[in-house]
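J.: Attaching a single structure in structure tokens format; questions to follow.
The values are calculated or read from the model by the stated rules, or taken from the named source; none is laboratory data. Note that the structure is predicted; figures quoted are calculated from it, not measured. Please note: Cβ atoms are built from the backbone with ideal geometry, for glycine as well, and neighbour counts cover all protein chains shown.
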Amino acid sequence: MSDRRFDVTAIGNAIVDVIASADEALLLEHRLRKGAMSLVDAAEAERLYRIMGPGRETSGGSAANTVAWIAALGGRAAYIGKVADDQLGDVFTHDIRATGVTYDTPPLNEGLSTARCLIFVTPDAHRTMQTFLGATTRLGPEDVNMDYIARSRIVYLEGYLWDQPRAKKAMRDAALRAQASGVKVSLTLSDAFCVDRFRDEFLELVEHHVDLLFANEAEILSLYQAQTFDEALQRVRPHCEVAALTRSALGSVVLSGDEVHVIDAEPGVRVVDTTGAGDAYAAGFLYAYIQGCDLATCGRMGGVMAAEVIGHYGARPESDVRALAAGVLSGRTTRGGPTRTT
């Protein structure tokens, strides 16, 4: 592993998040599908921005959030995602580089503007996301630095990108290069509605190209069209080396072959905003994984990071996450380092 420059290289939608509080009546009035991510065009994004309350703008995007967390934990991370050569693009680029993540995807010089996600957070802490993809739709195979892919320990792919054909090819190419280079391939399913649209393709990807799968309960149920969580758990078991399945207040379940770990949610957490909870969980899990921890410790690390992010607005850490991680690692056991199965 001495030639590995990065612990994790991620490919995803480079987005600036705009987060604001909202009540249920606003969602109903504007027919926003609560708890889901919906794609909107530029005109609708402008209209919704005007009716939002006071907001907070931060660099986001699911995979970008995950690598920002990994960097905050002390990991070495790179990111591949497309912004435009505009003000929001500059904001995104500055913010992700400031976290310590390597980011050098060439910006789009004309046409579409940088993507933004309008996030309406209701009093029950659920987030409803309206996303204008903008420049992210121009991400293609030519944007993927294959040297970064080959010199990483893990490549992390964001399911949201599957909506774009050229981005889909970029991710497939990256997965194949990773496999040829002995690099672990990790996928987050991102959204149950995204899974609904591409179920067969995701099933093929998970079965043949993915080593580590991240999904919440709704996503894994959608993937296997299962009626119960236990049914979905049994279906995914033979399809990838490790599956980390989150269940909100019920914590998470991590499985690998016959090995199953049920990890309780962290106690005493006041939920303010669930934006980025899955991203933080994946970061904590992957960080522990690259330290050689057992899967139970990986799941616990993911849960601790998710608990941190849901306690405040925004998808990036606000606490000393290295201190939180040290508390988890102090009781760890090791696996002897990650190995590829064939």
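J.: If a residue must be touching a Phe, Trp or Tyr at 6+ places or on another chain (Cβ under 6 Å) and either closer than 15 Å to A14 by Cα or not β-branched (V, I, T) (or both), how many such residues does segment 119-162 contain?
T.: Qualifying residue count for the region: 2.
J.: Can you name every one of the helices (runs of 4 or more DSSP H) wholly within segment 187-258 that holds 2 or more residues which are farther than 23 Å from N13 by Cβ?
T.: Counting at least 2 such residues, we get 199-208, 217-224, 229-236.
J.: Do we find that R153 is more than 16 Å from the chain's Cα centre (by Cα), part of a strand (DSSP E or B), touching a residue at least 24 places away in the same chain (Cβ under 8 Å) and over 19 Å from S62 (Cβ atoms) in this structure?
T.: Answer is yes for this residue.
J.: Run down A178, A215, A288 and say which single residue is modelled with pLDDT of 95 or more, farther than 30 Å from E318 by Cβ and out of contact with any Asp or Glu (no Cβ under 7 Å at 6 or more places or on another chain).
T.: A178
J.: In segment 168-180, is there at least one residue being of a type outside the set (A, V, I, L, M), touching a residue at least 40 places away in the same chain (Cβ under 8 Å) and under 28 Å from G35 (Cα atoms)?
T.: no
J.: Follow-up question, since we're still on this one. Restricting the first residue to segment 32-59 and requiring it to be surrounded by 13 or more Cβ atoms within 10 Å (Cβ to Cβ), which pairs with a second residue that is assigned to a helix (DSSP H, G or I) and of a type outside the set (A, V, I, L, M) meet a Cβ separation below 6 Å and a spacing of at least six or different chains?
T.: Partner pairs satisfying both residue conditions: A36/F193; S59/F92; S59/D95.
J.: Sticking with this one: Tally time: how many residues in segment 81-104 are surrounded by fewer than 19 Cβ atoms within 10 Å (Cβ to Cβ) and either touching a helix residue (DSSP H, G or I) at 6+ places or on another chain (Cβ under 9 Å) or not β-branched (V, I, T) (or both)?
T.: Looking only at that region, the number is 10.
J.: Check H261, H208, H239 and return the single one that is free of Cβ contacts under 8 Å to residues at least 12 places away in the same chain, of a type outside the set (K, R) and closer than 27 Å to A77 by Cβ.
T.: H208
J.: Looking at (1) crowded, with 18+ Cβ neighbours inside 10 Å; (2) more than 26 Å from D320 (Cα to Cα); (3) not aromatic (F, W, Y), which one does R151 not meet, given that it meets all the others?
T.: That leaves (1) as the condition not met.
J.: Restricting the search to segment 68-84, which residues are of a type in the set (G, A, S) and part of a strand (DSSP E or B)?
T.: A77, A78, A84
J.: A further question on this structure: Just checking, how many residues over segment 220-240 are surrounded by fewer than 18 Cβ atoms within 10 Å (Cβ to Cβ) and closer than 19 Å to Y156 by Cα?
T.: Residues in segment 220-240 being surrounded by fewer than 18 Cβ atoms within 10 Å (Cβ to Cβ) and closer than 19 Å to Y156 by Cα: 1 in total.
J.: Filter segment 137-146 down to the residues that are under 11 Å from A174 (Cα atoms) and in contact (Cβ under 8 Å) with a residue 40 or more places away in the chain, then identify the one that is surrounded by the most Cβ atoms within 10 Å (Cβ to Cβ).
T.: V144
J.: Within segment 254-285, how many residues are in contact with a Lys or Arg (Cβ under 8 Å, 6 or more places away or on another chain) and either within 21 Å of F120 (Cα to Cα) or modelled with pLDDT of 95 or more (or both)?
T.: Adding up the residues that qualify gives 6.
J.: Just need a number here: residues in segment 301-334 that are more than 25 Å from D191 (Cβ to Cβ) and of a type in the set (K, R).
T.: Final tally of qualifying residues: 2.
J.: Quick check on my filter: what residues within segment 105-120 are among the β-branched types (V, I, T) and either surrounded by fewer than 18 Cβ atoms within 10 Å (Cβ to Cβ) or closer than 14 Å to G81 by Cα (or both)?
T.: The answer is T105, T114.
J.: Follow-up. Please tell me if E217 is without any contact (Cβ under 8 Å) to a residue 12 or more places away in the chain and surrounded by fewer than 23 Cβ atoms within 10 Å (Cβ to Cβ).
T.: Taking the combined requirement at face value, the residue does not satisfy it.
J.: From the set of residues in segment 60-77 that are in contact (Cβ under 8 Å) with a residue 60 or more places away in the chain and out of contact with any Phe, Trp or Tyr (no Cβ under 7 Å at 6 or more places or on another chain), which is surrounded by the fewest Cβ atoms within 10 Å (Cβ to Cβ)?
T.: Top of the filtered list is G74.
J.: Looking only at segment 169-184, count how many residues are surrounded by fewer than 17 Cβ atoms within 10 Å (Cβ to Cβ) and either within 18 Å of A64 (Cα to Cα) or hydrophobic (A, V, I, L, M, F, W, C) (or both).
T.: Residues that pass the stated criteria total 2.
J.: Please report, ordered by residue number, the strands (runs of 3 or more DSSP E) entirely within segment 1-67 with at least 2 residues that are hydrophobic (A, V, I, L, M, F, W, C) and modelled with pLDDT of 95 or more.
T.: Filter on segment 1-67 gives 6-11.
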